[in-house]
């Protein structure tokens, strides 16, 4: 066999195969996980979305959120107000972006093709892939810390294990062992497709939710009330350059920005909805109720624990270790700590799998559709954790983590372009068949819609200097720069949306509201096809005469 034949054989072996009778063609733009989802794959009901948003709330980060705002000098009521307002805005922005997935059943990877152009869509795609790689690694490390607490609860001697790493390694042996175990326990779930996430969501949400409430009740019972933390008032330093109003604005911006990556790829998961109302009900109830409740429970528990132990412990692993005296406590204390830490750990596991691994898999599939689907992409994202080396990032590069947390400076303009294009310019109408071919109305100029690039740049340029001075911790930064940064998400969203809209008015794209005459992918149910003005493949084409004449898909009745 010649070398050329050998390469052909390898290529044939690793290339993805799809059922072409189900329109699952595999080529440079399409594979089974990129095409519009057919009805039989749309299995998520309201509870799936409730669970999806709950695991984004039932975590260490959200538990500690009030601490972020209290350390700014704000009061407890002000901190909770930030959390409530931030959650309302998160629901609104996420639903805004997810609606294309609910109506046309496409994900973020494909959604950007009609805004940026077929090839320029790689710009937002590469940004998300980078974030997925890094945040997956960081989440694995945080989950590993919880896993180390679980192991200590079972074998107390684990906390005293000898550190075999040298001084140049910014971690300890037990932390690293926890990371390795968490990583290996997570990998089997990468083979689970998003359609099958219902049972894991149910188990994780029930376990962690009950555990958090039980923890709060225990802390209140033992402490017989809350400590001084609960009554924290506004404590802005004398001569502070910032009023409470500006600090609250910064907090709201941070609250939305922390979930900006999840907002951008909302359609990756909304496309699995069996009905649009399921997404709205699940996201609204979970994001608002769970998101606010977890922060409230974390605040109350930390305040009660302050009364018990004399210190404020915001980080759950630290408090759990104190509760069982680093493994030297009673068997009852260790059992309770194991239940709590395992609940947090499994929630972190599925939050990471959904929000980073699966999302990363979808994004990588957009780059290499012939060879990568969701499963393979998720595995690649997970393997990248060893390349990223999160123990270096967490324990040494605090500035780098701050930059990552502020990456919404670049994501908000992308969200603004997506919203403007879909709602204002295209009137919520998309020609699905042209999202998967080169001879497409979405190919623009050599695959690039040049209008998106200056619109995106205009969105982040005004806020980038504020990000830089904040990361550098400049003692006296220019006030205007910091103020712009405190409003980075809203500024980036609206500036990019406005610039993109104006550019399209000055340099219009013809026939932006085109749709297919026929449902070429078998995407829609009969009711959806009627609502969208698209003929089903097996319907009488004479009923759709007006579609052919106008090209606008208006149903002839």
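The values are calculated or read from the model by the stated rules, or taken from the named source; none is laboratory data. None of the values given here were measured: they were computed from a predicted structure. Quick reminder, even Gly has a Cβ in these numbers, built from the backbone with ideal geometry, and neighbours come from all protein chains shown.
So which residues in region 232-256 are touching a helix residue (DSSP H, G or I) at 6+ places or on another chain (Cβ under 9 Å), at pLDDT below 85 and either within 23 Å of residue 312 (Cα to Cα) or surrounded by 19 or more Cβ atoms within 10 Å (Cβ to Cβ) (or both), if there are any at all?
Within region 232-256, 232, 233, 234, 235, 236 qualify.
Looking for whichever is more than 24 Å from residue 62 (Cα to Cα), out of contact with any strand residue (DSSP E or B) (no Cβ under 6 Å at 6 or more places or on another chain) and touching a residue at least 24 places away in the same chain (Cβ under 8 Å) here; the options are 156, 188. Which one fits?
That would be 156, the only listed residue that is more than 24 Å from residue 62 (Cα to Cα), out of contact with any strand residue (DSSP E or B) (no Cβ under 6 Å at 6 or more places or on another chain) and touching a residue at least 24 places away in the same chain (Cβ under 8 Å).
Which of the residues that make up region 473-494 are over 26 Å from residue 92 (Cα atoms) and either touching a strand residue (DSSP E or B) at 6+ places or on another chain (Cβ under 9 Å) or free of Cβ contacts under 8 Å to residues at least 60 places away in the same chain (or both)?
473, 474, 475, 476, 477, 478, 480, 481
What residue, of 75, 61, is closer than 25 Å to residue 282 by Cβ, surrounded by fewer than 24 Cβ atoms within 10 Å (Cβ to Cβ) and in contact with a helix residue (DSSP H, G or I) (Cβ under 9 Å, 6 or more places away or on another chain)?
Being closer than 25 Å to residue 282 by Cβ, surrounded by fewer than 24 Cβ atoms within 10 Å (Cβ to Cβ) and in contact with a helix residue (DSSP H, G or I) (Cβ under 9 Å, 6 or more places away or on another chain) holds for just one of 75, 61, which is 61.
Determine, yes or no, whether residue 209 is under 30 Å from residue 307 (Cα atoms), in a helix (DSSP H, G or I), at pLDDT below 90 and in contact with a helix residue (DSSP H, G or I) (Cβ under 8 Å, 6 or more places away or on another chain).
It is true that residue 209 is under 30 Å from residue 307 (Cα atoms), in a helix (DSSP H, G or I), at pLDDT below 90 and in contact with a helix residue (DSSP H, G or I) (Cβ under 8 Å, 6 or more places away or on another chain).
Here are 355, 377: which of them is in contact (Cβ under 8 Å) with a residue 40 or more places away in the chain and on the phi < 0 side of the Ramachandran plot?
355
If residue 319 meets every condition in (1) closer than 15 Å to residue 145 by Cα; (2) touching a residue at least 40 places away in the same chain (Cβ under 8 Å) apart from one, which number is that one?
Among (1) closer than 15 Å to residue 145 by Cα; (2) touching a residue at least 40 places away in the same chain (Cβ under 8 Å), residue 319 violates only (2).
Could you list, in sequence order, all residues of region 1-32 that are touching a residue at least 24 places away in the same chain (Cβ under 8 Å) and either in the same structural domain as residue 361 (by TED's automatic domain parsing) or over 15 Å from residue 433 (Cα atoms) (or both)?
Passing the criteria: 14, 15, 16.
Check 337, 297, 280 and return the single one that is assigned to a helix (DSSP H, G or I) and farther than 21 Å from residue 63 by Cβ.
Sole residue among the options that is assigned to a helix (DSSP H, G or I) and farther than 21 Å from residue 63 by Cβ: 280.
Can you name the residue in region 325-334 that is touching a residue at least 24 places away in the same chain (Cβ under 8 Å) and assigned to a helix (DSSP H, G or I) and is also surrounded by the fewest Cβ atoms within 10 Å (Cβ to Cβ) among such residues?
Filtering first and then ranking leaves 326.
Mind checking which residues of region 299-310 are surrounded by fewer than 23 Cβ atoms within 10 Å (Cβ to Cβ) and in contact with a helix residue (DSSP H, G or I) (Cβ under 8 Å, 6 or more places away or on another chain)?
Listed by number, the residues that qualify are 300, 306, 307, 308, 309.
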